[in-house]
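K.L.:
Please read through the structure below; I'll follow up with questions.
The values are calculated or read from the model by the stated rules, or taken from the named source; none is laboratory data. Only a predicted model underlies this, so the values are computations on that prediction, with no experimental measurement involved. Note that we place each Cβ from the backbone using ideal geometry, even for glycine, and neighbour counts take in every protein chain shown.
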Amino acid sequence: IDSVINFIFSAEHLHFILFDSPDNFADSLLLNLSNYTIFIRVSFILVCIAGGLLVNRYVKKLKKTESDLYLREASINATITGIMIADSEGIIQWCNPAILTMTGYTKNEIIGQYIGILKSDAHDETLHKTLWQTIKSGQVWQGEIVTRRKDGSTYYEEQTITPIFDEN
């Protein structure tokens, strides 16, 4: 065991394990060791000794992911194009500030509402039926539609509705 630990904790191997190894390091270490019990002991010692460095590596990746998400959200919130997310039942889950400006609703008033809150009487049911059939089939719907604001006034807008499906 001592020779295995000395091998793993030599400077060049420790650097490889902490900074250059693939995420499946455990698998590659296991291939180099013939006894599974030794692997368990070595990995435990490695976590105890180098845990701080491994956590630091994970935290750096997490901060990068957070930064990327913040940038994307800031970009979507800054655009003058209205962006809204509704679930498969048409319940509004999220919208950017441009939607609020266009419709006159506050975020608290619109989130959780059925998308029909924006529906005007300018179109017959055929348009809405076709729209829903299109997006439920996984296709993108594009067209001009008349939308109703909170104050009851209407406006024309070009819409692109893109369905996004999860694994269910």
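K.L.:
Is it the case that Gly82 is outside any helix (DSSP H, G or I) and either farther than 25 Å from Pro163 by Cα or modelled with pLDDT of 90 or more (or both)?
P.N.:
Answer is yes for this residue.
K.L.:
Next up: So which residues in the range 108-148 are surrounded by 13 or more Cβ atoms within 10 Å (Cβ to Cβ) and under 14 Å from Cys95 (Cβ atoms)?
P.N.:
The answer is Glu109, Ile110, Ile111, Gln113, Ile115, Ile117, Leu118, Thr147.
K.L.:
Mind telling me which of the residues Leu54, Leu69, Leu62 ends up being surrounded by 14 or more Cβ atoms within 10 Å (Cβ to Cβ) and at pLDDT below 90?
P.N.:
Leu54
K.L.:
Cβ contacts < 9 Å: first residue touching a residue at least 24 places away in the same chain (Cβ under 8 Å), restricted to the range 156-168; second residue assigned to a loop (DSSP other than H, G, I, E, B) and of a type in the set (Gly, Ala, Ser), any location; separation 6+ or different chain. Result?
P.N.:
These pairs meet every condition: Glu157/Gly82; Pro163/Ser88; Pro163/Ser137; Pro163/Gly138; Phe165/Ser88; Phe165/Gly138.
K.L.:
Just name the residue that is surrounded by the fewest Cβ atoms within 10 Å (Cβ to Cβ) out of those in the range 149-168 that are in contact with a strand residue (DSSP E or B) (Cβ under 6 Å, 6 or more places away or on another chain) and of a type in the set (Asp, Glu).
P.N.:
It comes out as Glu158.
K.L.:
Let me ask you something else. Among the helices (runs of 4 or more DSSP H) contained in the range 87-168, which hold 2 or more residues that are closer than 21 Å to Asn77 by Cα?
P.N.:
Hits in the range 87-168: 97-103, 107-110.
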